[in-house]
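The values are calculated or read from the model by the stated rules, or taken from the named source; none is laboratory data. Computed from a predicted structure; not experimentally measured. Using ideal geometry, Cβ is built from the backbone for each residue, glycine included, and neighbour counts are taken over all protein chains shown.
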Amino acid sequence: MRCKPKPATAWQLRFDGYYPGYVRAYQELSAQQQQAYQTNKALWLIEITEQKTEKLLAYMTEARRNIDSSDYARIGEIIKNDERMLNYLKCDSILAHKNDHLEAQRASYLSCRKNFDEIKERIKAVTSSTYQSSDGVQSRLVHHSYKPELRPKQENNLNVDFDF
């Protein structure tokens, strides 16, 4: 039994004005992805999903200092749904055949899988606060907290001697 995916347009990236290019590209790719899914065009779905995962990776890299845990959770749900779409249209079985004319689509599908794994790895790293990318570069993820910093009250010493 396969789980039916939700519409690709059901999720939106955080729009705070800092990364409008990524958000706009994500929205356009999600709409195309939904159209490919609804028309059962598995090869087009693979191509669009690959582009979308590449944009998500770029967004996660560019906006890493402004993404909080709820944003990471949303991105996790997005890729989980994208995986469901590929599985629901049985994209893996379409590409399993050794047809020479599907070599480019097979490479796109494998790229999607690799990007899914990279995104999951980054999301998992949020809980451990360190991340090591596939190219071996390690960086630190920052957890943002919007709580005011509490400082200890200073004692008022009224018995201070002043020399004038």
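Couple of notes before you dig in:
- Every condition in (1) outside any helix (DSSP H, G or I); (2) surrounded by fewer than 19 Cβ atoms within 10 Å (Cβ to Cβ); (3) not hydrophobic (A, V, I, L, M, F, W, C) holds for Thr9 except the one numbered (1).
- The listed residues are Asn40, Asn87, Asn66, Asn81, and the only one of them that is farther than 18 Å from Arg122 by Cα, polar (S, T, N, Q) and touching a residue at least 60 places away in the same chain (Cβ under 8 Å) turns out to be Asn87.
- Elements of type helices (runs of 4 or more DSSP H) in segment 43-132, at least 1 residues being farther than 22 Å from Lys6 by Cβ, modelled with pLDDT of 90 or more and not hydroxyl-bearing (Ser, Thr, Tyr): 103-128
- Applying the criterion of being of a type in the set (A, V, I, L, M) and surrounded by fewer than 19 Cβ atoms within 10 Å (Cβ to Cβ) to the residues of segment 37-88, the residue that is farthest from Arg106 (Cα to Cα) is Ala63.
- Considering segment 17-29, the residues that are farther than 22 Å from Glu121 by Cα and in contact with a helix residue (DSSP H, G or I) (Cβ under 8 Å, 6 or more places away or on another chain) include one that is surrounded by the fewest Cβ atoms within 10 Å (Cβ to Cβ), namely Gln27.
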